[in-house]
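The values are calculated or read from the model by the stated rules, or taken from the named source; none is laboratory data. Given the structure is predicted, the values throughout are model-derived calculations rather than measurements. Glycine also receives a Cβ, built like all others from the backbone with ideal geometry; neighbour counts cover every protein chain displayed. Side chains included, ligands, DNA and RNA excluded: accessible areas come from the protein's heavy atoms. Shrake-Rupley method; radii C 1.70, N 1.55, O 1.52, S 1.80 Å.
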Amino acid sequence: MAKWVVEVSEEQYANERVYGAGELTVEGLAPGDEALLVAGGPEPVVFGLGRVDRAGRVQYTVNLLDAPLPAGGLRAGPLDEDAYLAVARQAAPAAPVAPRRTYLVSVDMPIEASSPGEAVRAFWGYVRELGPAELPAFVWPAGDELAMQAYVLGVEANQDPEEE
């Protein structure tokens, strides 16, 4: 079982931050290999640790999308056990297992239409057109509507124009 640094593009990282699929397909890795998932760019970050499954996809073992670590000098390619463990030790406290709870997520927008069906079709058209980069999603723990926050691309985003 080998250790690797798997570097993804900024676009792939943005996609992971939105959808968090954790199923990155990587050529040349064997089932059981372990990988540090690194987002390239001006300030590279480690956004997860993973293990390669039988289909050649890297599945998250530790998800750091909400609290990525600086990647330092890590570059794509093989990695020795000590370097892998050093990052894995840093990742463990950064990824505490929080209790799972129910969150409500909504996307609200006023739509003028002549029927409910037309309004729904227009809604999905806007969602597809604007997507997660422009359309805020509102998130709050079930039962605590006052805690509602807007998120864009998985990051809290202030929607009050008077506070900017």
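Worth pointing out:
- Filtered by the rule that a residue be part of a strand (DSSP E or B) and either open to solvent by 20 Å² or more (accessible area, probe 1.4 Å) or under 21 Å from A14 (Cα atoms) (or both), segment 76-92 gives P78, L79.
- Residue pairs whose Cβ atoms lie under 6 Å apart, sitting 6 or more positions apart in sequence or on different chains, and linking a residue in segment 1-25 that is closer than 26 Å to Y151 by Cβ to a partner that is at pLDDT 80 or above and open to solvent by 90 Å² or more (accessible area, probe 1.4 Å), do not occur here.
- When residues of segment 106-138 are limited to those that are among the acidic types (D, E) and more than 24 Å from the chain's Cα centre (by Cα), the one surrounded by the fewest Cβ atoms within 10 Å (Cβ to Cβ): E112
- Per the conditions (1) open to solvent by 50 Å² or more (accessible area, probe 1.4 Å); (2) closer than 22 Å to E16 by Cα, the sole criterion not satisfied by V152 is (1).
- Those residues of segment 123-164 which are part of a loop (DSSP other than H, G, I, E, B) and of a type in the set (S, T, N, Q), in sequence order: N158, Q159
- Hey, P70 over 17 Å from G154 (Cβ atoms) and without any contact (Cβ under 8 Å) to a residue 24 or more places away in the chain or not: no
- Annotation: of all residues in segment 25-54 being at pLDDT below 90 and in contact with an Asp or Glu (Cβ under 7 Å, 6 or more places away or on another chain), the one that is surrounded by the fewest Cβ atoms within 10 Å (Cβ to Cβ) is G41.
- Considered as a group, the residues in segment 65-75 that are surrounded by 15 or more Cβ atoms within 10 Å (Cβ to Cβ) and modelled with pLDDT under 90 include one that is farthest from V26 (Cα to Cα), and that residue is L65.
- Residues that are surrounded by 16 or more Cβ atoms within 10 Å (Cβ to Cβ) and of a type outside the set (A, V, I, L, M), drawn from segment 8-24: Y13, N15, E16, R17, G22
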